[in-house]
Amino acid sequence: MVALADLVDIRGGGTPSKKVAEYWGGSIPWASVKDFKSSELSITQDCITELGVKNSATNVLPAGTIVVPTRMALGKVAVTATNMAINQDLKALLVKDERVLDKRYLLRFLESKSDEIAKQGKGATVKGITLDVLRELDVYLPFPNNAEKSLKEQKRIAAILDKADAIRRKRQEAIQLADDFLRSVFLDMFGDPVSVDKVSFGDVVAIDAKMVDPREDAYIDLVHIGPDRIEKETGMFLPALTAREEGLISKKFLFDERHVLYSKIRPYLRKCALANNVGLCSADMYPIRAIDGKTTREFIWMLLLSEQFSHYTETLPDRASIPKLNRTELALFEFSLPKYESQVKFSKVVNSVLSMKSRYAIEVSKENLLFGSLSQKAFSGKL
């Protein structure tokens, strides 16, 4: 094992003053934690000017530089796809000698240490790590007494992990394409209504799920869904615990396969899912039932995920530090209701695509396990 500080130089970043307009909107990508969406940093939400670089603590890094967050998003790691600057929450790891350490190998090694790094975060609200945590991180190098042989083995390991990662990413991209396809079909079928009367949301749905005691035998082993168990914008469920496992005490809504689950907390996150079993949901969720003959739950699901509904929630007044959508506001939402027969056709498309997504998700889960197993073997000398 070799300390990371012996293998790389660590360089920090900074933020140009937001008060000086001339520092912003330039041609230099400026990365922050919010840009960490994959293992590659290619597009950033913000760009700065040369003047912004000169008048701040930021650094412009060459393409191919490994970057890690030391505040928020702990455990993530990415490589820059182009020259870019970074802010103070990120640190660049510049390999001292590429005859000793391969960049792709280091990237994959740091990914394997994600949980270990995240666990060392300190802070009441925002977690961070010190530079010493990075400096003292032990890096496994194969054949440490033979630099040439070690580098060759590092490249072999990195190539295997890169290939395994590419396979799982293609599957993840297929899932994303499925989501895009559904949105496209929804807009094609219902995005430009002609001579369609508007209705209020409350006229075509019901929120009548009963509340039950999760400690009762009939409910204690049902899964509990809160807003944090639904992936934003996609409607995919995340792993959840049962009422027994969570030790729930307060009453919860009982939902089943007829319901659409919508999070009333922070509507802009668009957390909405089609229930696929019987379960419990928190009071921060609305279990919405489409009234048969008027609308379908698949149509309601996509409507709640639409730009039209998001725009509506954005026009509502904020009454608290945490935005919430109350029942009256939900019921008063007006939209053009297509013919029921058209909704049924759309529902068939949705269910077909969701079935495919479910199969893909299972494959992604298997591939994630395989990738984790390969990483574990690779960085213990067993690959």
Worksheet item: How high is the relative contact order of the chain, given as a whole-number percent (alpha carbon pairs under 8 Å, six or more residues apart)?
Response: 14
Worksheet item: PRE reach from LEU316 (point 7 Å along Cα→Cβ): which of the stretch 257-294 fall under 15 Å by backbone N?
Response: 262-272, 284-288
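At 222 nm, what value in deg cm²/dmol follows for the chain if DSSP H runs of at least 4 each add -39500 (n - 2.57) and the sum is divided by all its residues, to the nearest 500?
-11500 deg cm²/dmol
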Worksheet item: Per-residue HN-Hα couplings for the stretch 8-21, Karplus 6.51 cos²θ - 1.76 cosθ + 1.60 at θ = phi - 60°, whole Hz, x for Gly and Pro?
Response: 9, 9, 9, 10, x, x, x, 10, x, 4, 6, 7, 9, 4
Item to complete: Take the alpha-carbon centre of the stretch 328-355, take the same for the stretch 231-268, and report the distance between them in whole Å.
Response: 21
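Specify whether the C-alpha gyration tensor of the stretch 201-266 places it in the rounded, prolate or oblate class, a ≥ b ≥ c being the square roots of the eigenvalues: rounded for a/c under 1.5, otherwise prolate if a/b is larger than b/c and oblate if not. Could the numbers behind the result be given before it?
On the way: a/c = 2.17, a/b = 1.29, b/c = 1.69.
Taking the square roots of the gyration eigenvalues as a ≥ b ≥ c, the stretch 201-266 is oblate.
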Worksheet item: Between ASN83 and LYS366, what is the spin-label point distance in nm, taking each point 7 Å from the Cα along the Cα→C-beta axis?
Response: 4.6
Worksheet item: Pick from ARG270, ARG171, ARG135: which is most flexible by mean-square fluctuation in a GNM of the chain where alpha carbon atoms under 10 Å apart are linked?
Response: ARG135
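Compute the relative contact order of the stretch 2-141 as a whole-number percentage, counting only Cα pairs closer than 8 Å that sit 6 or more residues apart in sequence.
Rounded, it is 31 percent for the stretch 2-141.
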Item to complete: Assuming R0 = 51 Å, can you tell me the calculated FRET efficiency for the pair LYS348 and LYS382, based on Cβ-Cβ distance, to the nearest 0.05?
Response: 0.55
Worksheet item: Taking the Cα-to-Cβ direction at LYS54 and at VAL100 and moving 7 Å from each Cα, how far apart do the two end points lie in nm?
Response: 3.6
Worksheet item: So who's got an amide H within less than 5 Å of the one on GLU233, skipping anything under 5 residues away but keeping other chains? H placed 1.01 Å off N, in plane.
Response: LYS271, CYS272
Worksheet item: Check ALA31: other-chain or 5+ apart residues with amide H under 5 Å from its amide H, H built from backbone geometry?
Response: ALA85, ILE86, ASN87
Response to the item:
HN-Hα couplings for the stretch 216-227 via Karplus (6.51, -1.76, 1.60; θ = phi - 60°), in whole Hz with x for Gly/Pro, come out as 6, 4, 5, 10, 5, 9, 7, 5, 10, 10, x, x
Worksheet item: Under the classification rounded if a/c is under 1.5, otherwise prolate if a/b is larger than b/c and oblate if not, where does the stretch 2-141 fall, given a ≥ b ≥ c as square roots of the Cα gyration tensor eigenvalues?
Response: prolate
Worksheet entry | Extension reserve of the VAL20-ALA5 stretch, reckoned as 0.36 nm per residue once the Cα distance is removed | 1.8 nm
Practice prompt. Whole number please: convex hull volume per residue, Cα atoms of the stretch 113-214, in Å³.
Written response: 282
Discussion item. On a full-extension model of 0.36 nm per residue, what is the gain between ALA178 and CYS47, subtracting their alpha-carbon distance, rounded to one decimal in nm?
Written reply: 44.1 nm
Worksheet item: Does a label point 7 Å from the Cα of SER27, set along Cα-to-beta-carbon, have any residues of the stretch 44-75 with amide nitrogen under 11 Å, and which are they?
Response: 50
Discussion item. Classify the stretch 197-337 from the C-alpha gyration tensor, please: rounded if a/c falls under 1.5, else prolate or oblate depending on whether a/b exceeds b/c.
Written reply: prolate
Worksheet, complete the sentence: Using alpha carbon positions and the Kirkwood radius, the Rg to Rh ratio of the stretch 161-275 is 1.07
Response to the item:
Taking a crude spin-label model, label points 7 Å out from Cα along the C-beta direction, the ASP197 to THR242 distance in nm is 4.8
Fill in: Under Karplus coefficients 6.51, -1.76 and 1.60, residue-wise ³J(HN,Hα) of the stretch 108-117 in Hz, glycine/proline x
5, 5, 5, 4, 5, 9, 3, 5, 4, 5
Fill in: Sequence-distant residues sharing a close amide H with VAL139 (under 5 Å, placed H)
VAL2, ALA3, LEU4
Discussion item. On a full-extension model of 0.36 nm per residue, what is the gain between TYR340 and SER355, subtracting their alpha-carbon distance, rounded to one decimal in nm?
Written reply: 3.1 nm
Fill in: Relative contact order of the stretch 197-337, defined on C-alpha pairs under 8 angstrom at six or more residues apart (%)
32
Response to the item:
One finds, for ASN146 and GLU116 with R0 = 25 angstrom and r their Cβ-Cβ distance, a FRET efficiency to the nearest 0.05 of 0.35
Worksheet, complete the sentence: Taking only the alpha-carbon atoms of the chain, the convex hull volume per residue, in cubic angstrom, is 179
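Rule-based calculations on the coordinates, nothing more; no lab input. Fair warning: this is a prediction, and the values are worked out from it, not measured in the lab. Heads up, the Cβs are rebuilt from the backbone with ideal geometry, glycines too, and the neighbour counts pull from every protein chain shown.
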